[in-house]
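Student: Sharing a structure, written as C-alpha cells. Questions coming.
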Amino acid sequence: MTRGRFLTLEGGEGAGKSTVLETVRARLAECGLDVVVTREPGGTAFGEAVRAIVLDPAHRAMCAESELLLMFAARAQLVREVIEPALARGHWVLSDRFTDASYAYQGGGRGQPQERIADLERWVATLRPDLTLLLDVPVTQGLARAGSRGGAADRIEGEKEDFFERVRAAYRQRAAAEPARFRVIDAAAPLDAVQAATRAAVDAYVDTVEKHV
Ligand code: Z5A
C-alpha cells in the first residue's frame with residue numbers, strides 16, 4: 001500500500017486557517033483521497049487536555065520552556081496515535097498547525113533558541129510535512145479579523161502586536177528556507193481569492209504525487 005501524505009496549514013492569528021482547512025479537506029476528498037483532519041496542539045484526548053492548559057489565560061505564569069515542552073508533548077502523542085498510523089494506512093493527513101508553529105511562536109515569538117526546538121524535533125517528531133500552506137497576512141489585519149469573531153482572547157491571543165510580528169517573520173523565514181515544501185498564500189486577499197489559491201496549490205501538489213506513483 002502507498003504511504004499517505006502529510007499536509008499542514010500554518011499562519012498567524014486570524015490568517016484564516018480554520019476557514020481554509022475545509023476547502024483543502026474537500027478538495028482532497030474530491031480527488032478520491034481518504035483524509036484525516038487534525039490540529040495542534042490537540043488531536044488526541046491527551047493533546048486536547050494539553051491545549052486547554054496552554055491556552056488557559058489563568059496560566060499566565062507559564063514560562064517559555066514549559067510552553068515549548070507542552071507543545072512537543074502533545075505533538076509526540078499526535079504523531080504516534082494519529083498521524084503515523086493514518087499515513088501507514090495510506091490516508092492523507094491534514095493538520096491545522098505542526099512543528100513550524102513551534103519555530104514561529106516559541107522560537108520567533110518567545111525567543112527560544114532554534115537549536116533547542118530542533119533537538120526536540122529530532123527527539124519526538126522527526127516527521128516533516130510533505131506540503132505546508134502558509135497563510136500569510138499582515139499582523140494588524142489578522143488581529144482585526146480574529147477580534148471581529150468576538151469572545152475572550154486565550155493566553156497566546158492575548159500577546160502584544162510585536163509578538164505576532166516576530167511570529168510572522170519566523171514563518172516567512174522558514175518558508176523562504178524551504179521553498180519546495182512551503183506554498184505561501186496571500187491571505188490578505190478576499191476569501192474567495194484565498195480559497196482559489198489554496199485549491200490551485202493543492203491540485204498542483206496532488207498532480208505531482210500522482211505522476212510519481
Ligand atoms: N501554538 C504554538 O504556540 N505553538 C505550537 O507549536 C502550536 C500552536 C502547534 C492555537 O492555535 C494556538 O496555539 C495558536 C498558536 C499556538 N495561538 N495563537 N494565537 P489555533 O490554530 O487553534 O488558533 P489560532 O491561531 O488562534 O487560530 P485562529 O485565530 O482561529 O485563526 P485562523 O483559524 O487562522 O482564522 P479563522 O478563524 O479561519 O478566521 C478568522 C476570521 O477571519 C473569521 O471570522 C473568518 O471568517 C475571517 N476570515 C478568514 N479569512 C478571511 C479573508 N480572506 N478575508 C476576510 N475575512 C476572513
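Student: Which residues, taken from segment 14-69, are of a type outside the set (S, T, N, Q), in contact (Cβ under 8 Å) with a residue 12 or more places away in the chain, more than 8 Å from the ligand (Cβ to nearest atom) and assigned to a loop (DSSP other than H, G, I, E, B)?
Tutor: Residues satisfying the conditions are CYS31, LEU33, ASP34, GLY43, ASP56, ARG60, MET62.
Student: Moving on to the next point. Suppose the filter is surrounded by 19 or more Cβ atoms within 10 Å (Cβ to Cβ), small (Gly, Ala, Ser) and in contact with a helix residue (DSSP H, G or I) (Cβ under 8 Å, 6 or more places away or on another chain); does GLY111 pass it?
Tutor: No.
Student: Touching a Gly at 6+ places or on another chain (Cβ under 9 Å) and either outside any strand (DSSP E or B) or more than 9 Å from the ligand (Cβ to nearest atom) (or both), is that true of GLY4? Spell out how you get there, then give the answer.
Tutor: Numbers: touching a Gly at 6+ places or on another chain (Cβ under 9 Å): yes; either outside any strand (DSSP E or B) or more than 9 Å from the ligand (Cβ to nearest atom) (or both): yes.
The answer is yes for GLY4.
Student: While we're here: I'd like the full set of residues that are of a type in the set (S, T, N, Q) and either away from the ligand (no atom under 11 Å from the Cβ) or over 15 Å from LYS17 (Cβ atoms) (or both), limited to segment 148-195. First the steps, then the outcome.
Tutor: In the first step, residues of segment 148-195 are kept if they are of a type in the set (S, T, N, Q); the result is 148, 173, 195.
Listed by number, the residues that qualify are SER148, GLN173.
Student: Of everything in segment 83-106, what is away from the ligand (no atom under 14 Å from the Cβ) and open to solvent by 10 Å² or more (accessible area, probe 1.4 Å)? Give them in sequence order. Spell out the reasoning first.
Tutor: As a first pass, look at segment 83-106 and keep what is away from the ligand (no atom under 14 Å from the Cβ): 84-93.
Hits for segment 83-106 are GLU84, PRO85, ALA88, ARG89, GLY90, HIS91, TRP92.
Student: Next question, about the same structure. Give the residues of segment 107-116 that are farther than 26 Å from ALA201 by Cβ, assigned to a helix (DSSP H, G or I) and either free of Cβ contacts under 8 Å to residues at least 24 places away in the same chain or within 11 Å of the ligand (Cβ to nearest atom) (or both), sorted by residue number.
Tutor: Step one: filter segment 107-116 for residues farther than 26 Å from ALA201 by Cβ, giving 110-116.
From what's left, assigned to a helix (DSSP H, G or I): 114-116.
Answer for segment 107-116, where residues must be farther than 26 Å from ALA201 by Cβ, assigned to a helix (DSSP H, G or I) and either free of Cβ contacts under 8 Å to residues at least 24 places away in the same chain or within 11 Å of the ligand (Cβ to nearest atom) (or both): GLN114, GLU115.
Student: Being open to solvent by 80 Å² or more (accessible area, probe 1.4 Å), more than 8 Å from the ligand (Cβ to nearest atom) and assigned to a helix (DSSP H, G or I) narrows it down to one of THR208, THR198, THR140, so name that one.
Tutor: Working: THR208 fails: open to solvent by 80 Å² or more (accessible area, probe 1.4 Å); THR198 fails: open to solvent by 80 Å² or more (accessible area, probe 1.4 Å).
Only one candidate qualifies: THR140.
Student: Might you let me know whether segment 117-137 holds any residue that is part of a loop (DSSP other than H, G, I, E, B), within 9 Å of the ligand (Cβ to nearest atom) and farther than 25 Å from LEU78 by Cα? If you could, list the steps in order and put the result at the bottom.
Tutor: Let us first name the residues in segment 117-137 that are part of a loop (DSSP other than H, G, I, E, B), namely 125-130, 137.
If we keep only those that are within 9 Å of the ligand (Cβ to nearest atom) too, we end up with 137.
Narrowing the set further to residues that are farther than 25 Å from LEU78 by Cα leaves 137.
Taking every residue of segment 117-137 in turn, at least one turns out to be part of a loop (DSSP other than H, G, I, E, B), within 9 Å of the ligand (Cβ to nearest atom) and farther than 25 Å from LEU78 by Cα.
Student: In segment 151-168, is there at least one residue being assigned to a strand (DSSP E or B) and surrounded by 17 or more Cβ atoms within 10 Å (Cβ to Cβ)? Talk me through it step by step, then tell me what you get.
Tutor: Let us first name the residues in segment 151-168 that are assigned to a strand (DSSP E or B), namely none.
No, segment 151-168 contains no residue that is assigned to a strand (DSSP E or B) and surrounded by 17 or more Cβ atoms within 10 Å (Cβ to Cβ).
Student: Separate question: List every residue pair whose Cβ atoms sit under 8 Å apart, with the two residues 6 or more apart in sequence or on different chains, where the first one lies in segment 126-151 and is at pLDDT below 95 and the second, anywhere, is of a type in the set (A, V, I, L, M) and near the ligand (Cβ under 10 Å from one of its atoms).
Tutor: Cβ pairs passing all conditions: ARG145/VAL137.
Student: Kindly check whether there is at least one residue in segment 185-194 that is among the β-branched types (Val, Ile, Thr), surrounded by 11 or more Cβ atoms within 10 Å (Cβ to Cβ) and not in a loop (DSSP other than H, G, I, E, B). Break it down into steps so the answer makes sense when it comes.
Tutor: Within segment 185-194, the subset among the β-branched types (Val, Ile, Thr) is 185, 194.
Now restrict to residues that are surrounded by 11 or more Cβ atoms within 10 Å (Cβ to Cβ): 185, 194.
Restricting the remaining residues to those that are not in a loop (DSSP other than H, G, I, E, B) gives 185, 194.
Yes, segment 185-194 has at least one match.
The values are calculated or read from the model by the stated rules, or taken from the named source; none is laboratory data. Computed from a predicted model, the values in this text were never measured in an experiment. A quick note on method: Cβ atoms are made from the backbone with ideal geometry, for glycine too, and the neighbour counts reach across all protein chains shown. For the accessible areas, the whole protein counts, side chains as well, though only heavy atoms, and no ligand, DNA or RNA atoms are used. Shrake-Rupley method; radii C 1.70, N 1.55, O 1.52, S 1.80 Å.
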